[in-house]
Every structure is written in structure tokens, then in C-alpha cells.
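A short worksheet on the structure shown next.
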Amino acid sequence: MPEGHTVHRLAALHERMFRGRPVRVESPQGRFTDGARRLDGRVLDEAEAHGKHLLLRFDDDQVLHIHLGIYGTYSFGPLPAPAPTGAIRLRLVGDADYADLRGPNACDLLEPGEVKALRDRLGPDPLRPDADPELAWRRISRRITPIAVLLMDQTVVAGPGNIYRAEVLFRAGLDPRRPGRSLTRAEWDVLWADLAELMAEGVRTGRIDTVRPEHTPEAMGRPPRVDDHGGEVYVYRRAAAPCLICGTAVRTEIIAGRNLFWCPTCQPPR
DNA sequence: CTGAAATGGCAAG
DNA sequence: TTGCCCTTTCAGC
């Protein structure tokens with residue numbers, strides 16, 4: 001499931017499985033039939049991620065744009081592909097592997113102008129070498145919007161989602177409700193560097209782990225935990241549970257329509 | 001079986 | 001801010 005690191009993994013996987021050879025493209029569910037017909041048999045030239053957007057460029061310069069949204073999932077496997085089950089929007093079939101896409105927010109073909117507009121709209125992606133954190137800082141340092149909301153705004157930073165935003169704020173000891181413009185440059189630098197590091201690890205491992213070695217349950221003498229989303233975290237979805245460091249009950253509140261989690265002791269108001 | 005929740009984002013008001 | 005979209009999974013009857 002999808003924060004930016006997942007999409008970067010997907011891009012790499014697409015290149016490994018499909019690049020440089022003709023790909024069969026179908027839409028078993030039927031909601032992408034026209035697009036699938038236009039792509040069927042083309043050669044995949046490049047797969048690229050920008051934030052949570054996956055861009056697949058084919059040999060006639062058609063660009064397939066995929067956004068998983070909150071529900072979208074991929075499943076992969078070696079050929080032969082199984083008979084379709086559920087709502088498979090898109091199925092790619094290569095030499096040796098298939099990829100099934102279900103429930104995406106977006107699965108459409110983009111014109112070159114639309115691709116550029118998309119890139120221009122997105123903020124810097126901590127996972128991309130071309131990312132410029134200065135751009136994000138400009139969009140943060142004048143706003144009264146809470147930093148927790150700004151970190152989820154893909155025009156400010158592209159890639160982080162609800163888990164990374166909660167976890168980097170915890171690791172930095174920052175109150176998530178602080179206005180963007182109250183952050184110091186040094187505080188922003190810490191957040192950016194931490195995003196880049198944690199998300200790069202997420203790309204390597206395929207999960208979101210944010211707990212430092214000295215705070216793991218083993219190191220703290222607590223019973224081991226299992227997190228629903230498959231990673232070890234400080235505050236995400238741990239509402240009312242004791243903070244791993246200080247024991248204070250983790251707070252939660254819906255801010256801008258999303259569940260936010262933080263420790264009021266480790267992340268005090270300034 | 002029904003309903004809610006889920007790592008997003010968009011449009012409308 | 002609210003409502004809506006997309007789909008699967010899991011809790012609770």
C-alpha cells in the first residue's frame with residue numbers, strides 16, 4: 001500500500017519485469033479498455049515515480065499515469081497469470097511475469113503537456129535525486145497551516161503520507177500543530193533529511209520502520225508489538241497507547257480529514 | 001451479512 | 001470543511 005516509497009518500488013519492479021519488450025495490456029474489469037487497447041503490444045521504455053504518481057512511458061511516447069490513491073494495490077507473479085478475480089483495472093503481461101492493478105485513484109493516458117503539468121504541480125520528492133528541498137521550504141515558511149498538514153500536501157512535498165508525516169514529526173520532537181512559518185530552517189532541514197533517509201530505507205525494505213534501535217520493544221524491555229501496516233512505528237495508529245519513549249498516551253485527532261497521531265510530551269507546543 | 005476503515009485526492013461550497 | 005470516488009479486508013452481528 002501506497003506512500004511514495006511503495007511507488008518507487010513499483011517503478012523499479014516494472015522496469016525489471018517489463019522494460020524493453022512488448023507488453024500485453026488488458027483491462028479485465030473493463031474500465032480501462034480503450035487505454036489498454038492503445039497500449040497493447042507496445043514496448044515499455046521507462047517506469048518512473050514522482051511522489052505517489054507512477055509514470056510508465058511506452059515506445060510511442062504514450063505515458064500511462066497511475067495513482068493508487070488510498071485503496072489501490074498491485075499484485076505480481078510469474079506467468080501464467082491466474083484467471084482474473086475481483087476488479088482488475090489493468091493487467092500487464094510480459095515475458096515471464098504479470099502485474100495486476102486494482103482500485104487505483106487514477107489509471108489514464110497523459111498527453112505530454114499533462115505530464116509536465118503534473119510534475120510542475122508536485123513538490124520535491126525526497127526519493128528523487130533531482131529534488132530541491134528549498135522549494136518545499138519556500139512553501140512552508142510563510143504559511144500558518146499546521147506543519148502536519150503541509151507535510152501531507154503533495155504540492156509542498158511529494159511522497160510522504162500519513163505514516164511518514166506522523167513519524168518524522170515525532171522523531172524531530174515537533175508539535176504537529178505548529179504553523180509552517182514557526183519552523184526554523186534548521187528544523188525543516190532535520191525533517192527533510194529524515195524523510196529522505198526513512199523513505200530510502202522504505203524503498204529497500206518495502207515497509208515503514210521508524211523506531212530507532214534504542215527504542216525497540218526489546219531494547220526497552222517491553223513485549224514485542226505487531227503493527228497492522230507491517231512496520232515498527234512510534235505513534236502512527238497507536239492512539240491511547242503509551243508512548244514508546246515516555247509512556248504518555250499517544251494523542252489522535254482528525255486534522256484536515258486525516259487521522260493524526262502524536263505524543264504531547266515528546267512533541268510539546270513551543 | 002453489513003459496515004467501517006484504510007498509507008489519497010479532488011471538487012464543491 | 002464536506003462529500004465522493006475507487007476496492008479490499010476485517011470486525012461484529
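The values are calculated or read from the model by the stated rules, or taken from the named source; none is laboratory data. Keep in mind that this is a model prediction, so the values were computed, not measured. Don't worry about glycine lacking a Cβ; one is built from the backbone with ideal geometry, like all the others, and counts go over all protein chains shown.
A few comments on the model shown:
- Residue satisfying all of: in the stretch A:13-36; touching a residue at least 12 places away in the same chain (Cβ under 8 Å) and of a type in the set (K, R); nearest to DNA strand C (Cβ to nearest atom) among these: A:R31
- Boolean, A:P133 is more than 16 Å from DNA strand B (Cβ to nearest atom) and either among the hydrophobic types (A, V, I, L, M, F, W, C) or surrounded by fewer than 17 Cβ atoms within 10 Å (Cβ to Cβ) (or both): no
- Qualifying residue in the stretch A:98-105 (condition: within 11 Å of DNA strand C (Cβ to nearest atom), under 18 Å from A:L122 (Cβ atoms) and out of contact with any helix residue (DSSP H, G or I) (no Cβ under 8 Å at 6 or more places or on another chain)): yes
- Of the set (1) over 19 Å from A:Q267 (Cβ atoms); (2) in a helix (DSSP H, G or I); (3) more than 11 Å from DNA strand B (Cβ to nearest atom), all apply to A:L118 but (3).
- Checked against the criterion of being of a type outside the set (S, T, N, Q) and either without any contact (Cβ under 8 Å) to a residue 12 or more places away in the chain or over 28 Å from A:A239 (Cα atoms) (or both), the stretch A:156-177 has no qualifying residue.
- Output for the stretch A:149-177, where each listed residue is more than 15 Å from A:V190 (Cα to Cα) and within 16 Å of DNA strand C (Cβ to nearest atom): A:V149, A:L150, A:M152, A:D153, A:Q154, A:T155, A:V156, A:G161, A:N162, A:R177
So that you can scan it fast, the table gives a plain yes or no per residue for (1) part of a loop (DSSP other than H, G, I, E, B); (2) of a type in the set (D, E, K, R); (3) within 20 Å of A:R177 (Cα to Cα):
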position	(1), (2), (3)
A:H229	yes, no, no
A:A239	yes, no, yes
A:F261	no, no, yes
A:T265	yes, no, yes
A:P269	yes, no, yes
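- Meets criteria (within 22 Å of A:P268 (Cβ to Cβ) and assigned to a helix (DSSP H, G or I)) for A:A148: yes
- Just one of the listed residues (A:I208, A:I245) is away from DNA strand C (no atom under 16 Å from the Cβ), in contact with a helix residue (DSSP H, G or I) (Cβ under 8 Å, 6 or more places away or on another chain) and farther than 20 Å from A:L151 by Cβ, and it is A:I245.
- Selection status of A:R91, buried (at least 16 other Cβ atoms within 10 Å of the Cβ), among the basic types (K, R) and not assigned by TED's automatic domain parsing to the domain that holds A:R178: yes
- Figure legend. Inter-residue proximity from the stretch A:43-59: first residues on the phi > 0 side of the Ramachandran plot, second residues at pLDDT 95 or above, beta-carbon distance below 6 Å, spacing 6+ or different chains. Indicated pairs: A:G51/A:G4; A:G51/A:L122; A:G51/A:D125; A:G51/A:Q154; A:G51/A:A158; A:G51/A:G159.
- Residue check, A:T184 surrounded by 15 or more Cβ atoms within 10 Å (Cβ to Cβ) and free of Cβ contacts under 8 Å to residues at least 40 places away in the same chain: no
- Considering (1) within 19 Å of A:S141 (Cβ to Cβ); (2) part of a loop (DSSP other than H, G, I, E, B), the lone condition that A:D194 does not fulfil carries the number (2).
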